[in-house]
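Below is one structure; the comments refer to it alone.
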Amino acid sequence: MKVMKFGGTSVGTPQRMKEVTTLVTKSGEPVVVVLSAMSGTTNSLVEISDYLYKKNPDGANEVINKLEQKYLRHVEELYTTDEAKQTTREFLQGEFNYLRSFTKELFTSFEEKSIVAQGEMMSTNMVANYMKEQGINVVLLNALDFMRTDKNSEPDPVYIKEKLKPLLQENEGAQVYITQGFICRNAYGEVDNLQRGGSDYTASLIGAAINAEEIQIWTDIDGMHNNDPRVVDKTEPVHQLHFEEAAELAYFGAKILHPTCVQPAKYAGIPVRLLNTMDPDAEGTTISNATEYGKIKAVAAKDNIIAIKIKSSRMLLATGFLRKVFEIFESYQTPIDMVCTSEVGVSMSIDNSAHLGEIVDELKKYGTVTVDTGMCVICVVGDLDWSNIGFETHVMDAMKDIPVRMISYGGSNYNISFLIKEEDKRRAMQSLSNTLFNK
């Protein structure tokens with residue numbers, strides 16, 4: 001069985017919902033379908049929550065009414081039978097009455113997640129009703145019945161598997177099993193969400209739980225490209241990536257995939273395919289545990305980076321210096337992207353400036369601190385094991401005219417990174433494309 005996930009754009013209009021139905025039924029084999037909320041819906045639900053936080057029920061009701069009218073228009077476009085239209089209208093009326101109920105009582109942060117969850121509830125019900133109208137044997141599974149996080153807010157794979165498998169067995173014989181992405185319950189039974197990776201994470205967790213043949217992530221672009229098409233010319237989809245390569249690209253700027261969401265698939269050895277709903281016949285990108293040896297795959301970039309250098313003459317042979325430095329970042333929950341050390345100092349980069357002032361004040365206890373803002377990390381990804389002699393020469397040759405603040409290599413066999421000024425980003429990425437891919 002395959003798992004197919006469709007994002008908000010893919011179910012953003014009645015026509016797109018019909019196209020999704022065609023895609024998931026094309027093979028005739030049973031599939032699990034994970035759907036996001038219709039594009040724009042989650043933003044509206046967050047806006048409703050914001051009005052409620054600000055104790056402005058009139059503002060919330062105005063957004064609710066506007067959103068309701070949008071959905072009722074979709075009902076008229078999506079269905080052809082009066083029965084399907086009436087069933088869906090009644091469901092939607094219950095949904096929007098539920099949202100209005102929050103305007104009449106004290107609002108809490110717990111309820112915000114219940115409100116936001118309704119976007120996925122509405123999209124899955126609408127698509128399931130359309131499939132039933134088309135005579136498709138479809139079962140709608142409530143993700144809140146099996147998707148759960150533990151006390152550390154991490155997915156609970158044992159619980160997910162134990163609860164999901166019986167639900168599939170009870171409905172054996174269905175052609176399509178639809179469920180919601182993103183939403184879950186936490187360890188205390190409250191409505192929550194998976195945050196990182198959202199619906200992609202849901203698909204990966206379900207795939208691992210049922211030992212799926214393949215996990216398909218359908219978006220509006222044809223897979224991961226070998227560079228950012230918004231920045232450089234002549235980019236192409238990368239047809240095969242190792243899980244580690246995909247994680248590096250996602251972490252360093254390839255927005256199509258969150259680095260965390262493919263971990264369950266990686267550990268279960270299940271390939272993940274990134275496909276395009278606008279061009280279903282395109283090959284897309286397949287992510288698996290297979291490696292194409294000696295090949296540079298892609299370039300990605302991460303903006304809004306801050307470089308911090310701490311220099312201390314006391315560092316030489318000083319046991320515990322680095323530990324003290326890293327503990328400062330840990331205490332402010334600020335991850336470090338890159339690290340370079342020398343005999344008398346250490347440089348690092350971060351992408352979160354929320355506690356920059358406090359961090360710098362703490363670091364000054366141990367040495368002289370220099371901060372550079374407006375930086376960018378350029379990441380070159382592929383099979384970059386040190387035994388592949390000469391690949392660094394090609395990468396360095398592409399960067400020969402770009403001022404480089406830091407270089408990081410050796411922490412991974414799949415990545416070499418450069419810290420440069422944001423103003424040099426476009427020139428660096430285009431040069432890398434020309435040298436590595438466009439010869």
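The values are calculated or read from the model by the stated rules, or taken from the named source; none is laboratory data. Every value quoted in this text rests on a predicted model; they were computed, and no experiment measured them. Please note: Cβ atoms are built from the backbone with ideal geometry, for glycine as well, and neighbour counts cover all protein chains shown. Just so you know, the surface numbers come from the protein's heavy atoms only, side chains and all, with ligands and any DNA or RNA stripped out. Shrake-Rupley method; radii C 1.70, N 1.55, O 1.52, S 1.80 Å.
Out of curiosity, is ILE256 in a loop (DSSP other than H, G, I, E, B), touching a strand residue (DSSP E or B) at 6+ places or on another chain (Cβ under 7 Å) and free of Cβ contacts under 8 Å to residues at least 40 places away in the same chain? Judged against the criteria, ILE256 is a match.
Listed by first and then second residue, the pairs with beta-carbon distance under 7 Å, at least 6 apart or on different chains, first residue in the range 38-55 and touching a residue at least 12 places away in the same chain (Cβ under 8 Å), second outside any loop (DSSP other than H, G, I, E, B) and open to solvent by 40 Å² or more (accessible area, probe 1.4 Å), are SER49/GLU112.
Of the residues that make up the range 362-380, is at least one among the aromatic types (Phe, Trp, Tyr) and farther than 23 Å from GLU292 by Cα? Outline the logic, then answer.
Filtering the range 362-380 down to residues among the aromatic types (Phe, Trp, Tyr) leaves 366.
Next cut, farther than 23 Å from GLU292 by Cα only: 366.
Yes.
Answer yes or no as to whether LEU257 is crowded, with 23+ Cβ neighbours inside 10 Å and at pLDDT below 90. In short, yes. With respect to the conditions (1) farther than 29 Å from SER288 by Cα; (2) surrounded by 16 or more Cβ atoms within 10 Å (Cβ to Cβ); (3) in contact with a Cys (Cβ under 7 Å, 6 or more places away or on another chain), GLU422 falls short on a single one, namely (2).
Within the range 331-359, count every residue that is polar (S, T, N, Q) and either assigned to a helix (DSSP H, G or I) or surrounded by 15 or more Cβ atoms within 10 Å (Cβ to Cβ) (or both). Walk me through how you get there before you give the answer.
Taking the range 331-359 first, the residues polar (S, T, N, Q) are 331, 333-334, 341-342, 347, 349, 352-353.
Next, only the ones that are either assigned to a helix (DSSP H, G or I) or surrounded by 15 or more Cβ atoms within 10 Å (Cβ to Cβ) (or both) stay: 331, 334, 347, 349, 352.
The qualifying residues number 5.
Pick from the range 1-31 the residues that are among the hydroxyl-bearing types (Ser, Thr, Tyr) and in contact with a helix residue (DSSP H, G or I) (Cβ under 7 Å, 6 or more places away or on another chain): which of them is nearest to MET126 (Cα to Cα)?
Of the residues in the range 1-31, the ones among the hydroxyl-bearing types (Ser, Thr, Tyr) are 9-10, 13, 21-22, 25, 27.
So of that shortlist, the ones also in contact with a helix residue (DSSP H, G or I) (Cβ under 7 Å, 6 or more places away or on another chain) come out as 10, 21.
Numbers: SER10: 14, THR21: 11 Å.
Result: THR21.
In this entry, GLY28 passes the filter for residues that are out of contact with any strand residue (DSSP E or B) (no Cβ under 9 Å at 6 or more places or on another chain), modelled with pLDDT under 95 and open to solvent by less than 80 Å² (accessible area, probe 1.4 Å).
Filtered by the rule that a residue be out of contact with any strand residue (DSSP E or B) (no Cβ under 7 Å at 6 or more places or on another chain), more than 20 Å from ALA246 (Cα to Cα) and open to solvent by 20 Å² or more (accessible area, probe 1.4 Å), the range 183-209 gives TYR188, GLY189, GLU190. Pairs please, first residue from the range 229-244 and surrounded by fewer than 18 Cβ atoms within 10 Å (Cβ to Cβ), second anywhere and of a type in the set (Lys, Arg), Cβ atoms under 8 Å, 6+ apart in sequence or on different chains. Hits for this filter: VAL231/LYS425; VAL231/ARG426.
None of THR88, THR108, THR124, THR103 is touching a Pro at 6+ places or on another chain (Cβ under 6 Å) and not charged (D, E, K, R) except THR103.
Regarding the range 214-225, can at least one residue be identified that is of a type in the set (S, T, N, Q), open to solvent by 10 Å² or more (accessible area, probe 1.4 Å), touching a strand residue (DSSP E or B) at 6+ places or on another chain (Cβ under 8 Å) and at pLDDT below 95? Looking for residues that are of a type in the set (S, T, N, Q), open to solvent by 10 Å² or more (accessible area, probe 1.4 Å), touching a strand residue (DSSP E or B) at 6+ places or on another chain (Cβ under 8 Å) and at pLDDT below 95, one finds at least one in the range 214-225, hence yes.
Would you point out the residue of the range 360-370, among those that are of a type outside the set (Gly, Ala, Ser) and within 18 Å of THR341 (Cβ to Cβ), that is surrounded by the most Cβ atoms within 10 Å (Cβ to Cβ)? Quick ask: steps written out before the conclusion?
Of the residues in the range 360-370, the ones of a type outside the set (Gly, Ala, Ser) are 360-366, 368-370.
Still in the list and also within 18 Å of THR341 (Cβ to Cβ): 363, 366, 368-370.
Working: LEU363: 21, TYR366: 18, THR368: 12, VAL369: 18, THR370: 13.
So the residue we want is LEU363.
So, of the residues in the range 121-137 that are out of contact with any Ser or Thr (no Cβ under 9 Å at 6 or more places or on another chain) and on the phi < 0 side of the Ramachandran plot, which turns out to be most open to solvent (accessible area, probe 1.4 Å)? For the range 121-137, the residue satisfying everything is ASN137. Being surrounded by 13 or more Cβ atoms within 10 Å (Cβ to Cβ) and either in contact with a Cys (Cβ under 8 Å, 6 or more places away or on another chain) or on the phi < 0 side of the Ramachandran plot (or both) is a description that does not apply to THR22.
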